[in-house]
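Notes to accompany the following structure.
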Amino acid sequence: MEAVRSQKGQMPYRPLLAYMDESAIKRHVHPWQQILAFIARTQAPHDWTSPKYGMTARQRRKWCKLWELTSHPPRSSPVEDPQMEPWIMDDREKACLEFCIELLNQRHRSHEYESALVCAMAVLGQGETGWRGPESYPPILSQVIKIARFMVVQKALWMDPNPSEIIQIWGRKDASAEWVLSSADDSLGDIDEGYDSDHAATPPSAIHSDDP
């Protein structure tokens, strides 16, 4: 229920899975695929003009891990429990989730377009014939937000000490079951929301998409 909340103090009446099924999620995931494709293209060497954006230290580490696993995918192990199989992520999927979570974690401390996510969202606002209008861009923004909520739930699920019990509850589709995810705050205490601090004298804008 917490993932559905859009404002502080709001009390949602429907859980997250109630208004989006698996097929709807697959349809809504396209903007996130475009965001990752934009970052992949601008992080790779290129000779065309691209938007300048920065990454936090954590974002850059997570991106390097994702790029490595995508370029050299490891072998996946078979899942013994059939009920757990739809929920188990391979190493590439885990790395992708971790990177997307880091994109969402960033807070703006200078210019908002130094954020990789904000920059990518701005690019999604560009259509084939120009900038998208108020009829076409808000649905894209809505899809990004809705899928981001599922990412947060997925991250919280695997941070819980007993994820299998939660999955069993979801599998039974027991709407009356009461369970509480363990707080993830302690595990996220070292989040670096600012930019790479390895070089204190270097401003955030020095980490650009065309860095080697």
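Rundown of residues vs (1) out of contact with any strand residue (DSSP E or B) (no Cβ under 9 Å at 6 or more places or on another chain); (2) modelled with pLDDT under 95; (3) aliphatic (A, V, I, L, M); (4) part of a loop (DSSP other than H, G, I, E, B), yes/no style:
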{"residue": "Ala3", "(1), (2), (3), (4)": "yes, yes, yes, no"}
{"residue": "Gly9", "(1), (2), (3), (4)": "yes, yes, no, yes"}
{"residue": "Thr42", "(1), (2), (3), (4)": "yes, yes, no, no"}
{"residue": "His46", "(1), (2), (3), (4)": "yes, yes, no, yes"}
{"residue": "Lys52", "(1), (2), (3), (4)": "yes, yes, no, yes"}
{"residue": "Val79", "(1), (2), (3), (4)": "yes, yes, yes, yes"}
{"residue": "Met84", "(1), (2), (3), (4)": "yes, yes, yes, yes"}
{"residue": "Glu93", "(1), (2), (3), (4)": "yes, yes, no, no"}
{"residue": "Glu98", "(1), (2), (3), (4)": "yes, no, no, no"}
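Tally up the residues in segment 123-156 that are within 26 Å of Ser50 (Cβ to Cβ), assigned to a loop (DSSP other than H, G, I, E, B) and without any contact (Cβ under 8 Å) to a residue 12 or more places away in the chain, please.
Of the residues in that region, 7 qualify.
Residue-by-condition table, conditions (1) closer than 16 Å to Ala37 by Cα; (2) among the aromatic types (Phe, Trp, Tyr); (3) at pLDDT below 90; (4) touching a Leu at 6+ places or on another chain (Cβ under 6 Å):
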residue	(1), (2), (3), (4)
Glu102	no, no, no, no
His108	no, no, yes, no
Glu114	no, no, yes, no
Cys119	yes, no, no, no
Thr129	no, no, yes, no
Gly133	no, no, yes, no
Ile140	yes, no, no, yes
Gln143	no, no, no, no
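Which of the residues that make up segment 71-102 are basic (Lys, Arg) and within 21 Å of Arg41 (Cβ to Cβ)?
If the condition is that a residue be basic (Lys, Arg) and within 21 Å of Arg41 (Cβ to Cβ), then Arg92 is the only one that fits.
Within segment 28-43, which residues are without any contact (Cβ under 8 Å) to a residue 40 or more places away in the chain and over 19 Å from Thr56 (Cα atoms)?
Answer for segment 28-43, where residues must be without any contact (Cβ under 8 Å) to a residue 40 or more places away in the chain and over 19 Å from Thr56 (Cα atoms): just Gln33.
Quick check on my filter: what residues within segment 54-75 are out of contact with any Leu (no Cβ under 8 Å at 6 or more places or on another chain), assigned to a helix (DSSP H, G or I) and under 18 Å from Leu104 (Cβ atoms)?
If the condition is that a residue be out of contact with any Leu (no Cβ under 8 Å at 6 or more places or on another chain), assigned to a helix (DSSP H, G or I) and under 18 Å from Leu104 (Cβ atoms), then Ala57, Arg58, Arg60, Arg61, Lys62, Trp63, Lys65, Leu66 are the ones that fit.
Give me a count of the residues in segment 45-65 that are crowded, with 23+ Cβ neighbours inside 10 Å and under 12 Å from Glu102 (Cα atoms).
3
The values are calculated or read from the model by the stated rules, or taken from the named source; none is laboratory data. Bear in mind the structure is a predicted one, so any value in this text is a computation, not a measurement. Virtual Cβ from ideal backbone geometry, glycine too; neighbours counted across all protein chains shown.
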